[in-house]
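The values are calculated or read from the model by the stated rules, or taken from the named source; none is laboratory data. In this text the structure is predicted, and so the values were computed from the model without any measurement. FYI the Cβ positions are ideal-geometry reconstructions off the backbone, even for glycines, and counts take in every protein chain you see. Note: accessible area is taken over every heavy atom of the protein model, side chains too, but ligands, DNA and RNA are not part of it. Shrake-Rupley method; radii C 1.70, N 1.55, O 1.52, S 1.80 Å.
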Amino acid sequence: MNSVLIKNGTIIHADSQSIADILIQGETITSIGENLVLPSSTRIIDATGKLIFPGIIDPHTHMGIPIKSGFSADNFASGSRSALHGGVTTILDFTVLERDQTLMESLELRKNLARESVCDVGLHINITRFDPDILKEIPVLIKAGFSSFKVFTTYKESHMMLDYEQIEVIARIIAAHNGVLMVHAEDDGVISAAMSPYLEELETAPRFHPLGRPAEAEVVAVRRLGGISARSGCTMYIVHLNTAAGLKIATLYPNLKLETCPHYLLLNDGVYDQEDGHMYVASPPLRKKADQEALWQGLIDGHIDTIGSDHCPFCLEDKARNIPFQEIPNGMGGVETLFPVLLAKFLDQGLDLCLLTRLTSKQPAEIFGISSRKGSINPQMDADLLIVDPHNVKTDWEGTLHTHLDWNAYSGLPAIFPEMVFRRGEIVALQDKGLRPTSGVILGSRSRNQE
Ligand code: URP
Ligand code: ZN
Ligand code: ZN
């Protein structure tokens with residue numbers, strides 16, 4: 001069995017940092033400490049002066065999802081390779097429920113696509129239709145190891161929206177079986193009202209995008225969902241939280257788990273006045289600087305639980321200039337840059353690196369039921385690890401990315417890419433070297449009370 005000793009690195013745990021050696025045998029971390037007994041022919045990697053992070057878990061990606069005119073730019077093959085080079089060893093992506101499909105059919109189709117992945121993959125189950133047969137499938141899927149579901153409070157025009165009463169029914173079933181309900185929380189009524197002047201007056205420039213999807217939409221949805229989570233006892237996970245006001249309401253409800261994204265932390269709505277403003281059209285939109293500051297404070301205070309990339313990239317041509325903002329494919333890329341730009345920011349701001357580990361590894365693993373194997377550096381865990389040189393800050397990294405995307409929202413920002421990435425004991429990314437990793441595995445999760 002292949003064995004590797006990572007020697008003398010500074011391990012960034014969720015609550016502490018320590019200098020120690022890590023022994024990997026096969027796919028697993030077998031021991032951590034000093035003067036470890038090594039199997040013969042152990043490869044030794046000197047990590048003196050380097051940081052060792054657990055592999056990043058990105059809880060929110062959309063690889064190759066269908067839109068009206070095609071698919072998001074990265075499929076599972078390119079997106080997962082891109083993920084690994086940014087230190088993301090596990091992505092949690094979503095099924096796509098087509099008309100007349102069962103949830104199980106949608107899962108099987110998506111699993112087949114996900115087999116192309118070179119990082120490990122978990123799948124959340126999208127519920128975009130409400131009918132009695134779908135409700136019956138929820139406990140079956142949870143028993144089969146797929147315990148996280150997602151609903152939308154908007155996108156009525158794309159037939160993805162459920163109303164709050166339907167969401168409450170689903171929440172009660174999920175709560176009874178210890179699953180998690182993820183929600184895209186923007187109130188559709190608020191959006192319709194706010195969007196109408198831009199439709200009638202034919203205002204089509206990207207700078208109207210945040211006005212047509214105002215912060216109020218998040219506030220109204222989060223309040224309604226908070227009520228549902230309290231009444232049903234369901235653990236609800238609000239994806240891509242992006243406003244100060246939404247955060248304030250969300251913290252009132254203990255059953256809500258909160259995710260934000262790098263684009264809401266690092267960019268703001270000033271970009272919509274730029275010539276390339278159309279490239280930043282994502283839903284929800286980028287917000288004000290004050291929202292950004294509140295989200296950072298929410299991370300520091302422990303109110304926000306995770307950071308997901310919401311990787312849903314579209315190339316320059318897909319996001320064609322001069323089309324009404326309502327027609328621009330929504331979404332931005334970010335799986336490869338999530339950890340590198342955040343690490344550089346954390347170091348620059350003197351923030352606690354253990355917090356970064358909690359947000360990007362430990363807490364997503366716990367919330368989504370994979371913490372028995374992933375999310376921390378301990379014996380018996382999968383050997384998903386990053387070796388990082390904290391001094392290797394770069395700003396000219398855009399040309400080195402592995403995504404299919406031909407444009408990058410974070411271009412020029414300081415970033416620290418991992419110099420070596422292990423996924424279940426295999427070196428899958430090495431700076432400046434093209435490797436061909438073996439396939440990732442598709443993870444079943446465990447329901448929350450089994451963890
Ligand atoms: O604009 C975005 N975020 N597109 C991806 C789908 C979603 O709503 O997360
Ligand atoms: Zn969303
Ligand atoms: Zn998304």
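Remark on MET161: its backbone amide H falls under 5 Å from those of LYS156, a criterion applied only to residues 5 or more positions apart or on other chains, H modelled at 1.01 Å from N.
Among the listed pairs LYS319/LYS362; LYS50/LYS394; LYS7/LYS374; LYS111/LYS374, those with a Cα-Cα distance over 25 Å are LYS319/LYS362.
The angle separating the long axis of helix 76-85 from the principal Cα axis of greatest extent in the chain is about 50 degrees. In this structure THR30 has an accessible area near 50 Å², from a 1.4 Å probe over the protein heavy atoms.
Computed from backbone phi, the HN-Hα couplings of region 410-420 come to 9, 3, x, 6, x, 8, 10, 7, x, 8, 8 Hz, rounded to whole numbers (Karplus: 6.51 cos²θ - 1.76 cosθ + 1.60, θ = phi - 60°; Gly and Pro given as x).
Kirkwood hydrodynamic radius computed over the chain comes to 22.1 Å, based on all pairs of distinct alpha carbons. Entry note, region 329-451: relative contact order of 29 percent, from Cα contacts under 8 Å with a spacing of 6+ residues. Of ASP187, ASP406, ASP93, the residue with the largest accessible area leads and the full order is ASP406, ASP187, ASP93 (1.4 Å probe). Put simply, the amide H of ALA282, placed in the peptide plane, has neighbours under 5 Å in GLY331, leaving out anything fewer than 5 places away on its chain. Between 0 and 90 degrees, rounded to the nearest ten: what's the tilt of helix 164-176 against the longest Cα principal axis of the chain? So the helix axis and the longest Cα principal axis differ by about 30 degrees.
A 1.4 Å probe run over region 364-426, with the rest of the protein chains in place, finds 37 Å² accessible per residue. Coupling constants for region 310-322 follow from the phi torsions by the Karplus curve (6.51 cos²θ - 1.76 cosθ + 1.60, θ = phi - 60°), and in residue order they are 6, 4, 8, x, 9, 6, 3, 5, 5, 9, 2, 4, 6 Hz; glycine and proline get x.
Ligands, DNA and RNA aside, GLU366 has an accessible area near 80 Å² when probed at 1.4 Å. Taking the Cα centre of each part, how many Å lie between region 30-72 and region 229-279? That distance is 27 Å. Take every Cα pair under 8 Å whose residues are at least 6 apart in sequence, average their separation, divide by the length of the chain, and the relative contact order is 22 percent. Farthest toward the positive end of the dipole of the chain, out of TRP407, HIS209, GLY333, is the Cα of GLY333, where the dipole comes from beta carbon charges about the Cα centre.
Taking every DSSP beta bridge that has both ends in the chain, the antiparallel portion is near 45%. Once the C-beta distance of ARG231 and LYS136 is scaled by a Förster radius of 22 Å, the resulting FRET efficiency is 0.50 to the nearest 0.05. Averaged over its residues, region 166-258 has an accessible area of 37 Å² per residue, based on protein heavy atoms and a 1.4 Å probe.
Apolar share of the accessible surface for region 219-289: 49 percent from carbon plus sulfur atoms, 1.4 Å probe. Of the heavy-atom accessible surface of region 69-153 (probe 1.4 angstrom), what whole percent is carbon and sulfur? Answer for region 69-153: carbon and sulfur cover 57 percent of the accessible area. Short to long, the 10 Å bins of the Cα pair-distance histogram for region 377-435 hold 20, 43, 29, 8, 0 percent of all pairs.
Largest first, the residues LEU405, LEU109 sort by 1.4 Å accessible area into LEU109, LEU405.
The residue among ALA320, VAL4, GLY302 whose Cα reaches farthest toward the positive pole of the charge dipole of the chain, with charges on the beta-carbon of Lys, Arg, Asp and Glu, is VAL4. The mean sequence separation of alpha-carbon pairs under 8 Å and at least six residues apart, normalised by the residue count of region 3-91, gives a relative contact order of 27 percent.
The phi-based Karplus calculation (6.51 cos²θ - 1.76 cosθ + 1.60; θ = phi - 60°) puts the 3J(HN,Hα) values of region 134-145 at 5, 4, 5, 6, 4, x, 5, 5, 4, 4, 7, x Hz, whole numbers, x for Gly and Pro.
Based on protein heavy atoms only, region 12-85 ends up with 42 Å² per residue of surface accessible to a 1.4 Å probe. Helical content alone sets the calculated 222 nm signal of the chain at -8500 deg cm²/dmol, taking -39,500 (n - 2.57) per DSSP H segment of four or more residues and averaging over every residue. Under 5 Å between amide hydrogens, built in the peptide plane, is the criterion, and for ILE19 it picks out ILE11 among residues at least 5 positions away or on other chains.
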